[in-house]
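Here the structure is laid out as structure tokens; the discussion comes afterwards.
The values are calculated or read from the model by the stated rules, or taken from the named source; none is laboratory data. Quick caveat: nothing in here was measured; it's all calculated off a predicted structure. Because the Cβ atoms are built from the backbone with ideal geometry, glycine has one as well, and the counts that use them run over all protein chains shown. To get the accessible areas, we keep the full protein, side chains included, count just its heavy atoms, and leave off ligands, DNA and RNA. Shrake-Rupley method; radii C 1.70, N 1.55, O 1.52, S 1.80 Å.
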2 protein chains.
Amino acid sequence: MDENVATLHRAVVEHMVRQAVYQRLGKALPSRASAPNPLVVNVSARHCHLTQETVEILFGAGHRLTVHKWLYQEGQFAAKETLTLIGPRSRVISNLRILGPCRSLNQVELSYTDGIALGFDLPLRISGNIKGTLGCMLMGPAGFFEMTEGVIRALRHVHMSPEDATFYGVEAGGEMELKIGGPCGLSLDKMLVRVDNNFKLEVHIDTDEGNACNLQPDTPCELIK
Amino acid sequence: MDENVATLHRAVVEHMVRQAVYQRLGKALPSRASAPNPLVVNVSARHCHLTQETVEILFGAGHRLTVHKWLYQEGQFAAKETLTLIGPRSRVISNLRILGPCRSLNQVELSYTDGIALGFDLPLRISGNIKGTLGCMLMGPAGFFEMTEGVIRALRHVHMSPEDATFYGVEAGGEMELKIGGPCGLSLDKMLVRVDNNFKLEVHIDTDEGNACNLQPDTPCELIK
């Protein structure tokens, strides 16, 4: 679905160019360039996933999410729809972006910075594992929805195909390290590996992690087992 | 000046207990416990340093900063006084804390998260090196002050005494790595080493770095050359 991708990520272009240049020069590819796929690192700003039922409560009966921007993973998108989150201490986050398509559960992913602003003590969870977490109130143009649980800080993770997992020598559920360069570089430990046939190689970190190292499109990143 | 220190940092207590326990047991101290001083890692939230002249413009002639809380470095304090920062796009940060005592220059230290909120493109600088950086408007109860430069993201750094520098085998101006443990641990590269006879061993990171790894008082931290 090429029409879904508005612009190519810089890492994708660099990877293609690197492979082409080494081939032209007749030189052996260095390990990074010989990877089956480019490494894309994206920062996920605060967002939520909703069920279709919740979308209809918040935006009206029969409402469907509309695409604002396609994301790097096939078929995933940032919706035009945003909502207001009201925390347990009545503090508010406006313009919380909804990611589509709808899922089978409601989940809000915030950074610890957001959590401090809201007075939330956020649990660190693998996306989807929300049992026993705090809830919040969501407000849309057509109504309110009380989430009884599902507000988390998502564990940093990397999406990859089985082919990538073989290249890096890792398995689903394992952990990797992401080394990020630049003048305030850092290495993120305990990056959860998620493997699926449909996944494109992509690391998701949150805004705290991205801002700690000032991640930019041209910041060098390396995935280490 | 013991009366300046309201509570002992957990790392200081742990270091004393560790040394006492090993001594009691008659065992050799492991490398970390044999360090001359405990390693304290503190998160610096956004703040500013001001000259006495600027304090008087903002708070009135003859005004002196008053102590809200003593900091870990001898004689340094968070002042009761706070002010309002107005950025170049008229966005505002309220309750910006002033750190005392007064210095010979005005400097505002923000996180990249703050910079994004303000629409500022923050330069990464060693504290004190503010030439050519952006300015802002400061507002206090007695007046406004236009800073023509001095808004930065401070480079992460570690304060230490010459004794600590000898133990770690580093020199002033050098770089170290800080390894932070826990469920979302990370390693911060390029931690600037600052050495002074009066410095207590202390790492300063900002809120983005602290929140990226959810730094808590009991999070294990290790300084590596």
*asked:* I need the full set of residues from region B:136-178 which are over 21 Å from B:Asn198 (Cβ atoms), free of Cβ contacts under 8 Å to residues at least 40 places away in the same chain and open to solvent by less than 70 Å² (accessible area, probe 1.4 Å), in order please.
replied: B:Glu149
*Any idea which of (1) among the aliphatic types (A, V, I, L, M); (2) touching a Leu at 6+ places or on another chain (Cβ under 6 Å); (3) under 20 Å from A:Ser31 (Cβ atoms) is the one A:Val170 doesn't satisfy?*
(2)
*Being in contact with a Leu (Cβ under 8 Å, 6 or more places away or on another chain) and assigned to a helix (DSSP H, G or I) narrows it down to one of B:Ala11, B:Ala20, so name that one.*
B:Ala11
*Scanning region B:54-93 for residues that are touching a residue at least 12 places away in the same chain (Cβ under 8 Å) and of a type in the set (S, T, N, Q), which turns out surrounded by the most Cβ atoms within 10 Å (Cβ to Cβ)?*
B:Thr54
_Of the criteria (1) among the charged types (D, E, K, R); (2) more than 23 Å from B:Leu223 (Cβ to Cβ); (3) assigned to a loop (DSSP other than H, G, I, E, B); (4) at pLDDT 95 or above, which one B:Glu53 fails_ = (3)
_Looking only at region B:183-222, how many residues end up being within 9 Å of another protein chain (Cβ to nearest Cβ) and not polar (S, T, N, Q)?_
14
*asked:* Residue pairs, Cβ under 8 Å, 6 or more apart or interchain, first in region B:99-123 and over 12 Å from B:His47 (Cβ atoms), second among the hydroxyl-bearing types (Ser, Thr, Tyr) and open to solvent by 30 Å² or more (accessible area, probe 1.4 Å). List them.
replied: B:Thr113/A:Thr113; B:Thr113/A:Thr207; B:Thr113/B:Thr207
*Residue count, region B:179-194 (criterion: open to solvent by 10 Å² or more (accessible area, probe 1.4 Å) and under 20 Å from B:Ile130 (Cα atoms))*: 3
_Can you tell me which of (1) farther than 18 Å from A:Glu74 by Cα; (2) touching a helix residue (DSSP H, G or I) at 6+ places or on another chain (Cβ under 6 Å) is the one A:Gly185 doesn't meet?_
(2)
*What number goes with the only condition from (1) of a type in the set (Gly, Ala, Ser); (2) surrounded by 18 or more Cβ atoms within 10 Å (Cβ to Cβ); (3) under 30 Å from B:Leu8 (Cα atoms) that B:Gly128 does not pass?*
(2)
*Only one residue in B:Leu96, B:Leu155, B:Leu85, B:Leu58 is within 14 Å of another protein chain (Cβ to nearest Cβ), in contact with a strand residue (DSSP E or B) (Cβ under 6 Å, 6 or more places away or on another chain) and of a type outside the set (Gly, Ala, Ser). Which one?*
B:Leu155
*For A:Val170, state whether it is within 22 Å of A:Leu105 (Cα to Cα) and away from chain B (no Cβ under 14 Å).*
no
*Can you tell me which residues in region B:175-212 are part of a loop (DSSP other than H, G, I, E, B) and under 17 Å from the mean Cα position of the chain (by Cα)?*
B:Asp196, B:Asn198, B:Phe199, B:Lys200, B:Leu201
*With a cut-off of at least 1 residues that are among the basic types (Lys, Arg), in contact with a helix residue (DSSP H, G or I) (Cβ under 8 Å, 6 or more places away or on another chain) and modelled with pLDDT of 95 or more, name the strands (runs of 3 or more DSSP E) lying wholly within region A:56-174.*
A:151-154
*A:Asp208 fails exactly one of the following numbered conditions: (1) closer than 18 Å to A:Ala45 by Cα; (2) among the charged types (D, E, K, R); (3) surrounded by fewer than 21 Cβ atoms within 10 Å (Cβ to Cβ). What is the number of that condition?*
(3)
